Structures are given as C-alpha cells and as structure tokens.
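The values are calculated or read from the model by the stated rules, or taken from the named source; none is laboratory data. Quick caveat: nothing in here was measured; it's all calculated off a predicted structure. Quick reminder, even Gly has a Cβ in these numbers, built from the backbone with ideal geometry, and neighbours come from all protein chains shown. Calculation scope for accessible area: heavy atoms of the full protein, side chains included, ligands and nucleic acids excluded. Shrake-Rupley method; radii C 1.70, N 1.55, O 1.52, S 1.80 Å.
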Amino acid sequence: MWWKGDLPPQLRKLIDSITDVKVAVRKAAYSQAELAKAAAKLESDMRNNPDTLVHSIRYLADGSGVAVGTEAEADKVRETLTELAGPLPVQVITAPRWELHTGRMTDTMNFWGGGRILNISQGLGCSAGFAVAGGAGMLTVGHCGDIGNEFRNGDHTVTYGWARRKHASHDLMLIPTNTAGRVYVGGVDIPKTHTMSMAVAGWDWAWPGELICHSGATSGTVCGIRNTDTYALSFCAAPFMGRTRCFSDMIVSHNLTSGNPSQRGDSGGPVFTFAATATREVRVIAEGTITGGGYGDMIYQDFGTAWRDFGVTPATNPR
C-alpha cells in the first residue's frame, strides 16, 4: 500500500495483525485528497467543456500523480496541461472515450447482443443476437424484417441500422451497425441487472444433449435448456403477419423445467454456452439465434449455419 506521511497508530496496528499475507508500505508523493485538490482545475475544465481534449481523469494508486485520457495526440494534450495541472505530475493515455450501455431497452453504440431492436418499417420488436467480426454488424432473426428495413434501439432514441443481408429459410438477417463483442445477461425489469454483460469468446456447433442458455430482450437470461437429438428441423410456423412461413436446418431444444424457455420478442436473441477460461471472468460461446418455440420447446438457428450462409464469425472481446 502507498501512504503519504507517518502511518496512524491504528493503521499500523492493523497491518501488524495481518499474518496470512505480507503488506509492504511505500511512501506516496501525494495523498488522495491532495490529488483531488490538485486535479480540480483539470476536472472542472473537462466537465464544463465536454468536447475538450481530455475525456477522463484518474488518480494513480501509488499517489505519484494523475493520468488523463484523450483521443488526441499525447504531445498536443501536454501543451494544455501546464496551466490546468500546475506542478502535478500527469500521464497522458491515448484511448477512445468510454461508451454508455444503459440496458437492453436503451442500448447505445457500440451495440451488444441481447438488446431490444425495433423494426420501424414494419412495427416489429425483436432481439439482437451476436455482433459479428470485421465490423459487419449484428446477427439477428430473419422474420423480424426485410432487406432495407430501418431498425432502432428499444426506446426509439438511436438508429440501429438498415438490414442488408437475409437468408429467409434459415431465418437469419444481418444489420450493418457499430457493435461490440458482448451480450447482455440477467433480467430485463430489475435495474441492477440491466447493465450486466459477458464477453463473447468464440462460437461452436450445436450438439445433441448440450445444455444451453439464451438472453432474449423479453425473457432475459434463461438457462436449463437442453438440445434434443432432432437434427435438422424443417417446419412451417403458425401464421405470422398474415402468412405462413417455413424454415429449415433448425435446432430443437427443450426446457428442463415447466413453461416455455422463450417468448415473443426474444426472437433473434443470443443462444450460448459458457467458455472454459483460465481467468475468473466468465465468457460465452455463440451457439445461435432464437427463432421461436412453444409447448416447452425453443427453436433456434445454430451459429454454424450463419457462418456457412454469410461467412461471419462472432466479434469477440478478450476482456
């Protein structure tokens, strides 16, 4: 730990009582209060001028100074720091501004899987599936629209994009837009779960008997679903928007408990398993996108078919 000045007796006593780990105390140039006071002009300038070169300020844990984030060239920013920071040591980190992800229903760029998407052209609501690599956009369900339809986020505040590729019989559609390799997890009505997400680690084929989860924008995250040994399903669904639609090469899964594992509005949502990882972070493996279901079943299209049809792989997030 870092500390400026002499340790208070209570803190020294606490450190001396710790026996299971070694605590090293190092001298800090500044206390946290001193850093906050010295950086006040920097923070005031950032808050009062949101378009200023500096978009973030962080205090360094060792008390040596602060670091500022910028999208501009570091040398250009350093020229403006002398007046604002004075003698305070300042590191300059060149990095994009962080993005706000307020929830499934109010998703913003860069969009995540599992968020609500609205087809403005046809008045339909579905779920985003998986971001695809190379900036190609978001994979979702084909029956949520047609090529050229406009999509927005769940509260109509942000334009999502326009559908550009579709495979009708496989119920797949691709919307070019700005995305990131994460999916929303958790519920949809509890505020504390809105911003929970997991990074996508890759994709895999669907296998008979495999346990899967989904994260549709209506149901939230649902697990306890098992793939049946039915491969591959062709079926004609109940009439939708005045006509019967037929699909092929689908996967049939079944809820291990009572009730339907997916609902209206979950269509297009990500179907996934969990990745084995050496770190503590849990990541997901893309398995497919929801088409429909009923009577305890969930029908989905596996990601391998999207890979064959569109040549896409999921955008991944290593963090």
note = The number of residues in the range 66-115 that are more than 30 Å from residue 38 (Cβ to Cβ) and of a type in the set (Ser, Thr, Tyr) is 3
task = Sort out which residues of the range 147-173 are under 13 Å from residue 126 (Cα atoms) and within 18 Å of the chain's Cα centre (by Cα), and write them in order of number.
result = 152, 153, 154, 155, 160
inquiry  = Of all residues being in a loop (DSSP other than H, G, I, E, B) and farther than 21 Å from residue 204 by Cα in the range 280-296, which is least open to solvent (accessible area, probe 1.4 Å)? Just the residue, please.
reply    = 296
task = Tell me the helices (runs of 4 or more DSSP H) entirely within the range 1-59 that contain at least 2 residues that are in contact with a Ser or Thr (Cβ under 7 Å, 6 or more places away or on another chain) and under 18 Å from residue 86 (Cβ atoms).
result = 40-48
task = Go through 76, 22, 41, 13 for me and flag whichever is touching a Gly at 6+ places or on another chain (Cβ under 9 Å) and of a type in the set (D, E, K, R).
result = 41
ask   = Can we say residue 220 is at positive phi and under 21 Å from the mean Cα position of the chain (by Cα)?
value = yes
ask   = When the range 120-152 is examined, which residues are found to be assigned to a strand (DSSP E or B) and of a type in the set (Asp, Glu)?
value = 150
query = Can residue 174 be described as open to solvent by 30 Å² or more (accessible area, probe 1.4 Å), aliphatic (A, V, I, L, M) and either modelled with pLDDT of 95 or more or closer than 14 Å to residue 269 by Cα (or both)?
reply = no
request  = Just name the residue that is modelled with the highest pLDDT out of those in the range 195-220 that are open to solvent by 50 Å² or more (accessible area, probe 1.4 Å) and over 22 Å from residue 312 (Cβ atoms).
outcome  = 211
query = Which residue pairs have Cβ atoms closer than 6 Å, lie 6 or more positions apart in sequence or on different chains, and pair a first residue in the range 75-91 that is crowded, with 18+ Cβ neighbours inside 10 Å with a second residue that is of a type in the set (Lys, Arg)?
reply = 84/41
key: residue 268 being out of contact with any His (no Cβ under 8 Å at 6 or more places or on another chain) and open to solvent by 20 Å² or more (accessible area, probe 1.4 Å)   = no
inquiry  = Within the range 98-108, does at least one residue satisfy the condition of being over 11 Å from residue 175 (Cβ atoms), of a type in the set (Phe, Trp, Tyr) and surrounded by fewer than 22 Cβ atoms within 10 Å (Cβ to Cβ)?
reply    = yes
message = List the residue pairs whose Cβ atoms are under 7 Å apart, where the first residue sits in the range 57-74 and is farther than 18 Å from residue 47 by Cα and touching a residue at least 24 places away in the same chain (Cβ under 8 Å), the second is in a loop (DSSP other than H, G, I, E, B) and of a type in the set (D, E, K, R), and the two are 6 or more positions apart or on different chains.
response = 63/4
query = Looking only at the range 70-106, which residues are in a loop (DSSP other than H, G, I, E, B), at pLDDT below 75 and on the phi < 0 side of the Ramachandran plot?
reply = 96, 97, 98, 99, 100, 101, 102
message = Considering only residues that are more than 39 Å from the chain's Cα centre (by Cα) and open to solvent by 70 Å² or more (accessible area, probe 1.4 Å), which ones fall in the range 5-26?
response = 6, 9, 10, 12, 13, 14, 16, 17, 19
ask   = On the given criteria, is residue 155 under 26 Å from residue 234 (Cβ atoms), in a loop (DSSP other than H, G, I, E, B) and open to solvent by 10 Å² or more (accessible area, probe 1.4 Å)?
value = no
